[in-house]
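Step one of this worksheet: look at the structure below.
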Amino acid sequence: MIPFITVRGGRRLSGEITVCGMKNAALPILFASILVRDSVTIENLPPVTDIQTTLRILAAMGARVDMLSPTTARVNAADLDPDAVPPDLTTRLRGSSYLLGACLGRFGRAFTGLPGGCDFGVRPLDQHFRIFTALGAECEPDANLLRVRAPRGLRGAAVRLSFPSVGATLNGILAAATAEGTTVIENAAREPHVADLAAFLNACGADISGAGTSEIRIHGAKILRGCRHAVIPDMIEAGTYMAAVAGTGGRLRLRSVDPAHLAAVSEKLTAMGAQISASGDRLTLCRTSPLLGADIEALPYPLFPTDMQPQFAPLLCLSSGGGRICEHVWESRFRYVPELCRMGAEIRVDGRCAFIRGGAKLTGADVAATDLRAGAAMVIAGLCAGGSTRITGVEHIDRGYPDLEAKLQSLGADVRRVGAREP
Ligand code: EPZ
């Protein structure tokens, strides 16, 4: 049976949630363990399938992986074989492209199958290869594989990215961490997970400065030693629950968040009528007055995150004024729109913008999660809708949301999974 999630909407949500570690930070950090000669212990890993797949990739390549708890892994990649890449696993997630930077840095050669992940139209890797070639690697084109070699080793260089690509910045850091000399990445991505990868590598003995700004300097280290590192909280998981409670009305307390990472999301929700306060690693959101309309421009960090725009679409449908979402990061990230329209939304997509009519009454329907955050948007729409919503494509949701149903149930939601999780 194809598993699905059923949501009966119309309940106000209230309660407290502990936010997990950030999937998109944990992925490059796990692959970075390849650069380290002894064991690393990584804490606060989110229990989601993308992380399990990554640990299976490392183990299949010969790394020793011990789970010390459900959220802590010890990885020793001393005996890792760069030729033992399991293509059936690497094609499941986008983050497998980090194998390239990590194996290139450690072995001077790397290959992987074409990385999978969410489908947003074209997802090129030219900026990744731009950094690799600047460092002296040769890229070997192949229809089904990505392959890079640096027979004479990697040498630091200055590279300017044409777009602040998160993946290219992370792969550049991985490749340069142990290269000879100094690498400078200009127009680098500033996302918190870039800074978290640098913090992990620096704890292992790397010399990386400027991560979190648009210019990163990496002085190659001769050898990296093991360390213990806790992954930063997931701002997108946090933002998704904030959007859910802003949609249903009610009161949410979040634990283990970094409110600074959520500034753009909080600012938008406040403009839409929510009240938000934060102190230390706690954040509270309360929404009692009607939702107001807003316009959203999805852009690289620190601006409004593309990974939150789908979750805001149901809120704009319910708001008094509606609004516009313009997507400036991905070519095509509105595949969720026809699904939302099945529930009564009125949305017109024109190029990179979706124009959303406010004042809608959403009604439960059978819908599909077309990708990870689109799945979260369907769950939020279901929570806000009258009647029952059945969401298929839950394997997308399981890639990035730990214990989604249990967390929502703890807030008082009527959410149920039917059918087993993928192993
Ligand atoms: C990361 O993808 C995230 N994935 C995405 O989150 C997120 O949407 C994205 O960053 C932007 O924040 C992971 O961390 C695993 P990019 P990534 O390279 O690194 C273009 C989620 O929901 N580009 O910053 O692949 C590209 O086409 C996922 O958790 C090039 O042109 O994103 C896009 O338009 C979905 N050439 C833009 O840059 C390149 O070589 C941003 O891509 C690389 C990218």
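Rounded to the nearest Å, what's the spacing between the alpha carbon centres of the range 385-400 and the range 96-164? Just the number, please.
A separation of 34 Å, based on Cα centres.
Could you do me a favour and compute the accessible area per residue for the range 23-230, 1.4 Å probe, result in Å²?
37 Å²
Picking from 381, 108, 299, whose Cα lies most toward the positive end of the charge dipole for the chain (charges on Cβ: Lys, Arg +1; Asp, Glu -1)?
Working it through, the farthest residue towards the positive pole turns out to be 381.
Nearest 0.05, what FRET efficiency do residue 37 and residue 420 give at R0 = 41 Å with Cβ-Cβ as r? Before the final figure, lay out the partial values.
Values: r = 39 Å, r/R0 = 0.96.
Calculated transfer efficiency: 0.55.
Over the chain, what is the percentage of antiparallel beta bridges among all DSSP beta bridges, to the nearest 5?
Values: 53 of 76 bridges.
Roughly 70 percent of the beta bridges in the chain run antiparallel, per DSSP.
So for the chain, averaging the separation of alpha carbon pairs under 8 Å that are six or more residues apart and normalising by length, what relative contact order in percent results?
Values: 1081 pairs, mean separation 85.3, N = 423.
Reported as a whole number, the value is 20 percent.
For the range 188-311, what relative contact order do you get, as a whole percent, if you take Cα pairs closer than 8 Å and at least 6 residues apart? Display every interim value, and only then the final one.
Details: 188 pairs, mean separation 27.4, N = 124.
For the range 188-311, the relative contact order is 22 percent.
Set the Förster radius R0 to 35 Å, insert the Cβ-Cβ distance between residue 363 and residue 18 as r into 1/(1 + (r/R0)^6), and round the FRET efficiency to 0.05. Mind showing how you got there, number by number?
On the way: r = 32 Å, r/R0 = 0.93.
Using R0 = 35 Å, I get an efficiency of 0.60.
At 222 nm, what value in deg cm²/dmol follows for the chain if DSSP H runs of at least 4 each add -39500 (n - 2.57) and the sum is divided by all its residues, to the nearest 500? Spell out each step's value before the answer.
Values: 14 runs with 132 residues, N = 423.
Mean residue ellipticity, 222 nm, calculated: -9000 deg cm²/dmol.
Suppose the chain between residue 69 and residue 289 were pulled fully straight at 0.36 nm per residue; how much longer would it get relative to their current alpha carbon spacing? Can you show the working numbers first?
Working: separation 220, 0.36 × 220 = 79.20 nm, distance 4.21 nm.
Difference between extended and current length: 75.0 nm.
Mind listing which trypsin sites (Lys or Arg not before Pro) in the range 328-369 are in a DSSP loop and have 14 or fewer other Cβ atoms within 10 Å?
Passing both the DSSP loop test and the Cβ count: 361.
Evaluate the relative contact order of the range 23-230 (contact order divided by residue number), counting alpha-carbon pairs under 8 angstrom at least 6 apart; express in whole percent.
RCO, the range 23-230: 21 percent.
Compute the distance in nm between two label points, each set 7 Å from the Cα along the Cα-to-Cβ direction, one at residue 332 and one at residue 107.
It works out to 3.4 nm between the two label points.
At a 10 angstrom cut-off on C-beta neighbours, averaged per residue, how do the peptides 220-231, 302-313, 369-380 rank from highest to lowest? If you can, show how the numbers build up before the last one.
On the way: 220-231: 17.7, 302-313: 23.1, 369-380: 27.1.
Packing order, densest peptide first, comes out as 369-380, 302-313, 220-231.
Carbon and sulfur together cover what percent of the accessible area of the chain at a 1.4 Å probe radius?
Carbon plus sulfur share of accessible area: 49 percent.
Using a ≥ b ≥ c from the Cα gyration tensor of the range 23-230 (square roots of the eigenvalues), is it rounded, prolate or oblate, where a/c under 1.5 gives rounded and otherwise the larger of a/b and b/c decides, a/b for prolate?
rounded
The values are calculated or read from the model by the stated rules, or taken from the named source; none is laboratory data. Keep in mind it's a predicted model, so treat the numbers as computed, not measured. Note: ideal-geometry Cβ built from the backbone for every residue, glycine included; neighbour counts use all protein chains shown. What goes into the accessible areas is simple: the full protein's heavy atoms, side chains included, and nothing from ligands, DNA or RNA. Shrake-Rupley method; radii C 1.70, N 1.55, O 1.52, S 1.80 Å.
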